[in-house]
Amino acid sequence: MPLLTTRGGASARGFGFSGGSAVIGFPGARGVFGGGKAIVGGSQYNIIDFITIASTGNATDFGDLTSTREVNSGVNSLTRGVFGFGNTGGASSNVMDYITIASTGNAIDFGDSTITSRGLQGSACDKTRGIFAGGYVVGSRGVNVIQYITTASTGNATDFGDLTVGRYQVQTQISSPTRGIFAGGNS
C-alpha cells in the first residue's frame, strides 16, 4: 500500500498520520512512535510503531496504546518508554502508558498525570526520570505545571514546580543528565 504525504510524524500501515509522540530508546538503537491522527479522515490512532535507527526502512508494528489519542508526549529511560496525556476524541486525558523499548507488545497503564490535559506538553528525561511541562487545559489554555515520573516504577506523576508562564505546544525541549530546558509554545 503506498504511503500518503504527511506533515510530519511517521506512517503506519499505509496511512499518513501526525500528532503522535516519539520515545527514543537508549543508546539510540530503536525509535518508537505512538498515537496520532490521520491526515485524511481525521481518525485517531492507538498504534505504536518502531524503527531501527541504524538502518533505513519502513516502520514496523510495535503494539497498541491503551487508548486512541493524538498530541501526546513521551519520555524514556534506558529500557522503558512512557506515553502521556493527549486528545482522545476531543476530550482531555490524564492517562500515562508504558512500554519496554527492547520488546514489542501493547502498552500497559503506568499511572495518572497531575492534570487532565489535551496534551501538547514539552518533555525531558534522563535515565531515571521523565518530566512533562505545560499543556493545554480546556478553559485555561496553557498551564504552567511541571510534573515528573520515575520511569522504573509505575505510579502517578508528582508535582515538580512551575514554568515561568503557562503554555502549550512547547516545541523546544532539551535535556541532559542534569538539566531540562523548555522554550517556546503558546500561552
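Here, each number is a calculation from the coordinates, and none is a lab measurement. Quick caveat: nothing in here was measured; it's all calculated off a predicted structure. Counting neighbours? That spans all protein chains shown, and the Cβs are built from the backbone with ideal geometry, glycine included.
Some observations on this one:
- Sequence ranges 123-132, 95-104, 177-186, ranked by mean other-Cβ count within 10 angstrom, highest first: 123-132, 95-104, 177-186
- Take the Cβ atoms of Ser43 and Ile108, set R0 to 30 Å, and the FRET efficiency comes out at 0.80.
- Each peptide among 154-166, 74-86 gets the average number of other Cβ atoms lying within 10 Å of its residues, and from highest to lowest they stand as 74-86, 154-166.
- Between amide H atoms placed 1.01 Å from N, distances below 5 Å from Gly36 occur with Tyr45, Arg69, Glu70, Val71, all of them 5 or more places distant or on a separate chain.
- Residues whose amide H lies under 5 Å from that of Gly119, counting only those 5 or more places away or on a different chain, are Gly86, Ser93, Tyr136; hydrogens are built 1.01 Å from N in the peptide plane.
- Mean-position separation - Cα centroids, segment 145-164 and segment 107-128, in angstrom: 8 Å
- 3J(HN,Hα) from dihedral phi, segment 82-99, Karplus parametrisation 6.51/-1.76/1.60, rounded to Hz, x for glycine, proline: 10, 9, x, 6, x, 8, 10, x, x, 9, 7, 9, 10, 7, 10, 10, 10, 9
- Contact order normalised by residue count of segment 11-183, Cα under 8 Å, 6+ apart, percent: 16 percent
- For Asp64, the residues whose modelled amide H falls within less than 5 Å of its own, excluding neighbours fewer than 5 places apart on the same chain, are Ile48, Asn106, Ala107.
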